[in-house]
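A.B. asks: Attaching a single structure in structure tokens format; questions to follow.
The values are calculated or read from the model by the stated rules, or taken from the named source; none is laboratory data. Since this is a predicted model, take the numbers as computed values, not measurements. Cβ placement follows ideal geometry from the backbone for every residue including glycine, while neighbour counts extend to all protein chains displayed. The area values use the complete protein model at the heavy-atom level, side chains included, leaving out ligands, DNA and RNA. Shrake-Rupley method; radii C 1.70, N 1.55, O 1.52, S 1.80 Å.
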Amino acid sequence: MTVQAPGGAPALAAHDRRVRRRLAILLLLAAIALCGFVLDVSTGPANLAPGQVLRALLDPGGVGRGLASIVWDVRLPIALLALGVGAALSLAGAEMQTVLDNPLASPFTLGMSSAATFGAALAIVLDLSVPGVPQGWLISVNAFLFALLSAMLLQMLARLRGIAGPETIVLFGIALLFSFNALVALIQFVASEQALQQLVFWTLGSLSRASFDKAGAVALVIAVTLPLSVASSWQLTALRLGEERAASFGVPVGRLRFFALARISLLTGTAVAFVGVIGFVGLIGPHIARLLVGEDHRFFLPGSVLAGAALMAFASVASKIIVPGVLIPVGIVTALVGIPAFLAIVLTSGRRG
Amino acid sequence: MSGLRIRGLSAGYRGREVVRSLDLEGIAPGTVTALVGPNAAGKSTLLRAMAGLIPASGSVVLDGEDLLALDLDARSARIGFMPQSLPHRVSLSVFESVLVALKASGGAGRMDPRARVMAALDRVDLGDLANEPLDRLSGGQRQLASLAQAIVREPRLLLLDEPTSALDLGHQFAVMSMARSLAEAGGIVIVVLHDLVLAARWADRVAVLRRGALRAFGPADDVLTPEVFADTWAVRGRLMRSPLGVPYLDVDAIGRDTPPE
């Protein structure tokens with residue numbers, strides 16, 4: 001079967017314009033994330049002008065030691081971790097929404113955060129963890145291990161041939177969510193007042209324990225997973241047209257879903273381990289990217305990364321200025337920052353028609 | 001050994017066999033075959049099994065090559081499959097939705113993919129809508145976009161699962177005449193249809209499926225007999241032709257026990 005000679009130069013030109021516009025939107029998103037980052041470093045009890053911050057970042061020796069210390073030791077780790085966690089959760093959410101064919105999927109739909117919370121609760125309340133882990137990393141390591149454990153349970157389910165459609169995986173994830181929530185409640189019930197307070201604080205999600213090590217670990221995980229995600233972008237896009245159709249295009253759907261879930265668990269486990277439960281970014285970041293650049297995953301995945309990073313940067317800024325002098329847990333603020341941004345984009349893209 | 005030959009094909013879901021050791025031989029290149037039969041006869045299952053989308057045993061031999069033994073890449077280069085269901089709520093343009101069909105796996109050939117996409121879209125008369133969002137098309141147009149996705153790799157075997165179900169009369173005509181012209185270019189087209197008049201009008205051969213097995217196979221006028229209507233669809237009916245040769249159905253009673261005239 002052959003198809004006729006090609007035509008349609010105007011249509012191709014329009015397609016190329018669309019591609020260029022999407023690249024421009026990605027650059028704009030990157031610029032917004034960068035602005036959020038600089039603003040994040042500038043905001044705090046000692047109010048700094050963005051110009052001062054930029055000087056301190058680019059030339060630490062050329063500014064006063066106090067300024068350099070505030071920027072480099074206190075604020076930079078927080079701002080970097082905010083970018084990294086936002087990017088990681090949003091990328092995980094984007095892949096999850098695609099491979100589970102569910103716009104409500106996010107790293108939290110599958111109970112990964114609840115599992116991480118349970119791991120953290122074991123460490124905080126019962127002091128249970130893996131032997132040999134330094135005291136300062138107990139909570140993070142536990143949270144990470146339990147997030148991975150929940151992901152592995154899902155993977156085992158997904159490998160069961162003939163049973164594991166996307167709906168089954170989502171249902172199983174919700175079951176995990178409630179199971180781990182119940183276990184966390186049980187631990188809370190027996191916890192001392194002090195441990196309970198610490199656990200509640202952890203579940204609110206906070207950037208206050210940020211360090212360069214943690215930011216580096218998140219960056220490393222993104223550096224490993226993002227190229228793999230982007231390399232699968234045609235296959236992931238095909239999956240949006242339906243599992244059967246994608247398979248008929250030659251996409252190995254089962255394998256694609258397996259590796260996507262592996263990336264998702266690594267991204268989520270790492271992010272949640274360091275900052276606790278931050279709910280909204282993994283859900284809304286991908287939706288913002290979808291509205292702005294569509295679902296060609298070559299643009300959608302980087303768009304989700306940038307939208308998530310920008311959201312978290314501005315959420316981090318808001319967490320410092322809502323109550324002056326008080327650092328509100330950033331998990332509380334993400335929805336407050338994310339919802340107006342999301343609504344604004346929904347409304348304007350609707351008008352564009 | 002050109003053409004398509006199916007031998008001993010069994011397929012189903014979760015241990016429930018829907019198609020049972022089905023044989024279908026003598027489907028020649030350049031022809032359209034309509035798969036017809038009542039609901040749950042196994043038409044779509046047979047199509048999916050041929051496309052390699054569900055586990056199946058037996059053989060599906062195309063031009064001397066067993067399709068069931070091929071890997072995904074090789075299979076997708078030889079078979080175009082148009083599922084019954086249409087994607088919904090997808091933020092892709094029509095152009096992108098066809099481009100991805102070409103790019104999602106290897107073995108797509110060397111010609112400029114963008115030119116091939118435009119050629120496929122022109123073929124189904126959607127060239128002017130290439131940059132429209134898929135979601136903004138009518139049901140009929142989305143079905144045509146789905147057809148373009150299935151033909152963009154220029155497959156030798158094209159499997160269409162109820163391609164006319166959402167279409168008005170004009171679009172039904174358009175899709176079926178397109179299937180014909182694709183076949184006339186040398187391929188094999190197998191199309192699941194509920195509309196027996198469409199089958200009689202457009203297909204060279206009609207294969208009637210009943211309870212997962214082949215009930216009859218041949219030219220429509222030989223196959224759609226009162227006996228086949230009675231034991232397959234449980235109706236008293238027959239295929240008629242107008243003086244100009246246009247087929248129509250004469251169905252006048254329901255019930256398996258109704259004896260054919």
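A.B. asks: Just to check your reading of the model, which residue among B:A145, B:A115, B:A150 is of a type in the set (A, V, I, L, M, F, W, C), open to solvent by less than 10 Å² (accessible area, probe 1.4 Å) and within 9 Å of chain A (Cβ to nearest Cβ)?
C.D. replies: From the options B:A145, B:A115, B:A150, the qualifying one is B:A150.
A.B. asks: Go over the candidates A:P340, A:P302 one by one and state the one that is assigned to a helix (DSSP H, G or I), open to solvent by 40 Å² or more (accessible area, probe 1.4 Å) and out of contact with any His (no Cβ under 8 Å at 6 or more places or on another chain). Break it down stepwise before answering.
C.D. replies: Details: A:P302 fails: open to solvent by 40 Å² or more (accessible area, probe 1.4 Å).
None of the others qualify; the one that does is A:P340.
A.B. asks: If a residue has to be of a type in the set (A, V, I, L, M) and within 14 Å of chain B (Cβ to nearest Cβ) to count, how many in region A:205-243 make the cut?
C.D. replies: Residues meeting the conditions: 6.
A.B. asks: Might you check whether a residue that is open to solvent by less than 50 Å² (accessible area, probe 1.4 Å), within 30 Å of A:T43 (Cα to Cα), assigned to a helix (DSSP H, G or I) and free of Cβ contacts under 8 Å to residues at least 40 places away in the same chain occurs anywhere in region A:201-219?
C.D. replies: yes
A.B. asks: Can you go through B:D221, B:D231 and tell me which one is more than 14 Å from every other protein chain (Cβ to nearest Cβ) and open to solvent by less than 50 Å² (accessible area, probe 1.4 Å)?
C.D. replies: Result: B:D231 is the single residue among B:D221, B:D231 that is more than 14 Å from every other protein chain (Cβ to nearest Cβ) and open to solvent by less than 50 Å² (accessible area, probe 1.4 Å).
A.B. asks: Could you tell me whether B:P83 is within 20 Å of A:P252 (Cβ to Cβ), surrounded by 23 or more Cβ atoms within 10 Å (Cβ to Cβ) and not acidic (D, E)?
C.D. replies: Criteria met by B:P83.
A.B. asks: Scan region A:313-334 for residues that are closer than 12 Å to A:L204 by Cβ and touching a residue at least 12 places away in the same chain (Cβ under 8 Å) and report the count. Walk me through it before giving the result.
C.D. replies: Filtering region A:313-334 down to residues closer than 12 Å to A:L204 by Cβ leaves A:319, A:327-334.
Subsequent filtering for residues that are touching a residue at least 12 places away in the same chain (Cβ under 8 Å) retains A:319, A:327, A:329-334.
Total meeting the criteria: 8.
A.B. asks: Test B:S91 against the stated conditions and say whether it is surrounded by fewer than 21 Cβ atoms within 10 Å (Cβ to Cβ), of a type in the set (G, A, S), modelled with pLDDT of 90 or more and farther than 28 Å from B:R5 by Cβ.
C.D. replies: Answer is yes for this residue.
A.B. asks: Scan region A:300-347 for residues that are out of contact with any helix residue (DSSP H, G or I) (no Cβ under 9 Å at 6 or more places or on another chain) and more than 22 Å from A:S42 (Cα to Cα) and jot them down.
C.D. replies: Scanning region A:300-347 gives A:P340, A:L343, A:A344, A:L347.
A.B. asks: How many residues, within region B:3-40, are open to solvent by less than 10 Å² (accessible area, probe 1.4 Å) and closer than 18 Å to B:P55 by Cα?
C.D. replies: Residues meeting the conditions: 5.
A.B. asks: Looking at region A:247-265 only, could you name the residues that are over 21 Å from the mean Cα position of the chain (by Cα), on the phi < 0 side of the Ramachandran plot and surrounded by 24 or more Cβ atoms within 10 Å (Cβ to Cβ)? Let's see the steps before the verdict.
C.D. replies: Restricting attention to region A:247-265, the residues satisfying the condition of being over 21 Å from the mean Cα position of the chain (by Cα) are A:247-255.
Subset that is on the phi < 0 side of the Ramachandran plot: A:247-249, A:251-255.
Scanning region A:247-265 gives A:A247, A:S248, A:F249, A:V251.
A.B. asks: Going residue by residue through region A:86-96, is there one that turns out to be under 20 Å from the mean Cα position of the chain (by Cα), more than 14 Å from chain B (Cβ to nearest Cβ) and without any contact (Cβ under 8 Å) to a residue 60 or more places away in the chain? Step through it out loud before you land on a result.
C.D. replies: Of region A:86-96, the ones under 20 Å from the mean Cα position of the chain (by Cα) are A:86-96.
Then drop every residue that is not more than 14 Å from chain B (Cβ to nearest Cβ), which leaves A:86-93, A:95-96.
Narrowing the set further to residues that are without any contact (Cβ under 8 Å) to a residue 60 or more places away in the chain leaves none.
The answer is no, given that none of the residues of region A:86-96 is under 20 Å from the mean Cα position of the chain (by Cα), more than 14 Å from chain B (Cβ to nearest Cβ) and without any contact (Cβ under 8 Å) to a residue 60 or more places away in the chain.
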